[in-house]
């Protein structure tokens, strides 16, 4: 039943044009990361000098591009995927077909989440490939890159889950999209916050913890991702999402 | 005139005030707050504060905000049988398009007013800056409102065509990114024909970032006048286009 529900969500996505939105996310993040890095003063020299950490600059640019674009576009994906139920009486239809609102929301997270995971991995891969094509000579920091990508994936999924629940509870899409836009400002502020303060503004503040490298006047200073904090965010997001979807099941239509 | 009045009546029950107030205040809070968090002083007083508030705001939040307002203005027409009721009125498509556009123009002007007021309050109350916001930034604010007009007209057309609230906002975000790219690459001729580029460029006037030369000179004022003229032409084209499409698509 759950597998069918997830397949059904993929079928809904065709008319909702989720694929173009995900494509905008991947291409936008890749383009912004590359633009920030390749137009950095003296990048051509830096690419030849491993001591100046050219990969850290590219990773920091990726860490800037992801939180600038993801909050709004994830809000759009989530609100479109849920709004179809508000518009067409889908909650009631699903319930009479044996699929409770909570399970429907979980199916939506499984379907949209798989695309978001794929998009996050793809944009990370594309940026790395762009770095190689740009002639960066330093050895590729695979562990740091993969670790940061995994942590950003967790934050993206937590944010997507938040927007799905918000869209399910509040039919007015302005609220979800507005939260996405405001999230961009929170992310921007979080990049300047100390880590303890960024932890207090989940899930947006955790982008700064997942990829803490910052673009400075002389390249980028590598930072240590706060992996434990992001893992805890993922666990908390799972618990809150399950509790919120269980609550949806007890709610009258 | 009746269509314009009707749009303002519809706005009373919408949440448009939330976008008009919260988005610019978030920009002021973010620009001012980041300065406080970084521990760096405002090196050049009001100029630095304006730069930190407005430049990021103009990269895409402003375009996304205008897109959200356009979706909000058209939202009512996509619900129930309102689209049929709208088209059954004895008014032309042009009048409907102008009514929607007028409501959007008023909202974007109010949004800029909140941004300026918020910046002045932050400058005085938080940073204790002497005097007030220089008059040149008030003129730049007028230019920003004029540059918002073609984006508002275009987004109004998109929101008319798309039932979804979020899809035109996503298009607005994409357009803003493309617009910033054109400005960064200094493709001036093409940028003059893209509404989002004009908006992005207007928010940079006098700041010295990206394509902007810095302090406003006589040459800069002429460029700003050209930008305003291009914005008005694009606005007229977008409103006329919206009206023409509306005349031919009378059922949602």
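Read the figures in this text as sums done on the coordinates, not as results from a lab. Note that this is a predicted model, so its numbers are computed, not measured. Neighbour counts are summed over all protein chains in view; Cβ atoms, including those assigned to glycine, are modelled from backbone coordinates with ideal geometry.
For the stretch B:1-51, the alpha carbon convex hull comes to 83 Å³ per residue, rounded to a whole number. Summarising the overall dimensions of the stretch B:36-189 from its C-alpha atoms, the Rg and Dmax are 18.5, 60 angstrom. In terms of surrounding Cβ atoms within a 10 Å radius of their Cβ, A:136, B:144, A:84 rank from fewest to most as A:84, A:136, B:144. Legend: ranking of residues B:77, B:40, B:219 from fewest to most surrounding C-beta atoms inside 10 Å; resulting order B:219, B:40, B:77. Put simply, the convex hull of the Cα atoms in chain A casts, on average, a shadow of 13.3 nm².
From Cα pairs below 8 angstrom and at least 6 apart in sequence, can you work out the relative contact order of the stretch A:55-180, rounded to a whole percent? Worked out over the stretch A:55-180, it gives 50 percent. Shown for A:37, A:96: other C-beta atoms within 10 Å of each C-beta, ranked fewest to most, produce the order A:96, A:37. Based on DSSP H segments of at least four residues, each scored -39500 (n - 2.57), the protein assembly as shown has a per-residue ellipticity at 222 nm of -26000 deg cm²/dmol.
The angle separating the long axis of helix B:93-121 from the principal Cα axis of greatest extent in chain B is about 20 degrees. The relative contact order of the stretch B:2-248 comes to 27 percent, based on Cα pairs under 8 Å that sit 6 or more residues apart.
Taking only alpha carbon atoms, the stretch B:101-218 gives an Rg to Rh ratio of 1.01, where Rh is the Kirkwood radius. Divided by 2.2 N^0.38 Å, where N counts the residues, the Cα radius of gyration of the protein assembly as shown comes to 0.98. If you take the Cα centroid of the stretch A:189-212 and the Cα centroid of the stretch B:15-59, the two points sit 19 Å apart.
Relative to the compact-globule estimate of 2.2 N^0.38 Å, the Cα radius of gyration of the stretch A:1-113 comes out at 1.51. By how many degrees, between 0 and 90 and to the nearest 10, does the Cα long axis of helix B:195-204 differ from the longest principal axis of chain B? Helix B:195-204 sits roughly 20 degrees off the main axis of chain B. Helix A:227-250 against the longest principal axis of chain A: what's the angle in degrees, Cα atoms only, rounded to the nearest 10? The angle comes out near 10 degrees. Here the label points at residue A:133 and residue A:10, each 7 Å from Cα along the C-beta direction, are separated by 2.8 nm in the simple model.
For the stretch B:53-120, the normalised intensity computed at q = 0.15 Å⁻¹ comes to -0.60 (log10 of I(q)/I(0), Debye sum over alpha carbons, equal scatterers, no solvent). Separation of the stretch A:98-151 from the stretch A:49-69 is 16 Å, based on Cα centroids.
Based on Cα contacts under 8 Å between residues 6+ apart, the stretch A:2-250 shows a relative contact order of 29 percent.
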